[in-house]
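Here the structure is laid out as structure tokens; the discussion comes afterwards.
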Amino acid sequence: MSMKKFVAKTSREALQRVRAELGPDAVILANRKLDDGVEITALSNDEFAGLAQECKTVPVGRAPAEQPAVAQKPVPPAPTPTVVLEQQGILSEIKSMRDMMQEQVACLSWSDMQQRDPQRTRMLRGLINAGFSPALSRQLIDNMPANADFSWVRKALGRNLHVAGQEEDIVTRGGIYALIGPTGVGKTTTTAKLAARAVVRYGADKVALVTTDSYRIGAHEQLRIYGKILGVAVHAVRDTDDLRLTLSGLKHKHLVLIDTMGMGQRDKRVAAQTEMFNATGVQRLLLLNATSGGDTLDDVVRMYHGAGVVGCIPTKLDEAATLGALLDVVVRHKLVLHYVTNGQRVPEDLQEVNMEYLLHRAFKAAAKTAPFVLKETEFPVLMAGLGTVVRGEPCRLNA
């Protein structure tokens, strides 16, 4: 092996020299602090891969088959299985050492950043504490001009949040829309809230309700009660043909809202539901539970999203401690916001989107004693562990 040592004043500068000479995939073998800087010992990825290949391809000794007596050159004895296992163990230890050293160097790098640019680091920590993903947080901080503060971050997020305008409002435009999403997100109640808003504007005879939920006990009855209160007819359908026939008889309605069965995002029936709505030309609104974590929301969007999804409605805002994860997912997946809900009352708890309110809630200071708040001393360790891995599709922000 041809290991090389790199000495610099900071770990970031040393890492830059490693990448410049050995490439971006260089393997960090060791690092240590010096009186006037840091020293990093590294190995090129090609040499490390060659070492790994040698360990994998070394043959294990076997009893040779009987051959005619032919003069042959002497062959070194093949390594025994014990030797091969020892070599593989050494390789595994080197890999483990590499991962540990790279994490330590990354940790030093983040510590250097805290010392050099405490304002930028403090803002990055604030974004992550607010529930925003490291991926989006890093993009915002990387695009942030010098001497900017959280007001710039709020404006940047505002430019990347698309709120449905008057011409996109589903109640005003009319049409056929299905409300989709996981169990318990509030589809039936939100369907009734939208229907109530349309009844006030256009009258009960211009609105119709449809349900595809034939599984939950009382689901149809709940929607029928709302329909009776509003004076709106409620129709139940079982499959694609039934839905197509029902919709053909409701062409004269200004707005048709379809309440759907709640299904976990990984339920196989989600695909069947999507096929049914695609076959009948039904547009969809995806409901997102504001109390869910970022990973769950991201998973819901990926499983439910498609060409027929025209936007989303965040629900349960009154129950959410912070809205950072919700807004993060909306920005990264470029979803259009149509209304928000913040309670169970029909129709009062359906609100038009107030961007200032959403951003205020997103950055509302968390209690210093909250168990999920990232402290300053913990930040380098967390960011070093995350490395440069970005989950999901990259998002291009509007500057």
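Values for this structure:
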item: Proxy reagent accessibility, fewest Cβ within 10 Å first, across Arg238, Arg332, Arg120; result: Arg238, Arg120, Arg332
item: Charge tally in the Cβ shell below 11 Å around Pro347, where Lys, Arg are +1 and Asp, Glu are -1, Pro347 excluded; result: +1
item: Rounded D (µm²/s) - the stretch 162-354, Kirkwood Rh over Cα pairs, Stokes-Einstein at 20 °C, 1.002 mPa s; result: 129 µm²/s
item: Ranked packing of 224-236, 278-290, most packed first, by mean Cβ within 10 Å; result: 278-290, 224-236
item: Listed pairs Lys334/Lys364; Lys155/Lys334; Lys228/Lys251 exceeding 19 Å between Cα atoms; result: Lys334/Lys364; Lys228/Lys251
item: Relative contact order [Cα under 8 Å, 6+ residues apart], the stretch 162-354, whole percent; result: 27 percent
item: Computed over the stretch 258-353, the ratio Rg/Rh where both radii use C-alpha atoms and Rh is Kirkwood; result: 0.95
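All of the numbers you see were taken from the coordinates with simple rules; none came from a lab. Quick caveat: nothing in here was measured; it's all calculated off a predicted structure. Reconstructed Cβ throughout: ideal geometry from the backbone, glycine too, with neighbour counts over all protein chains shown.
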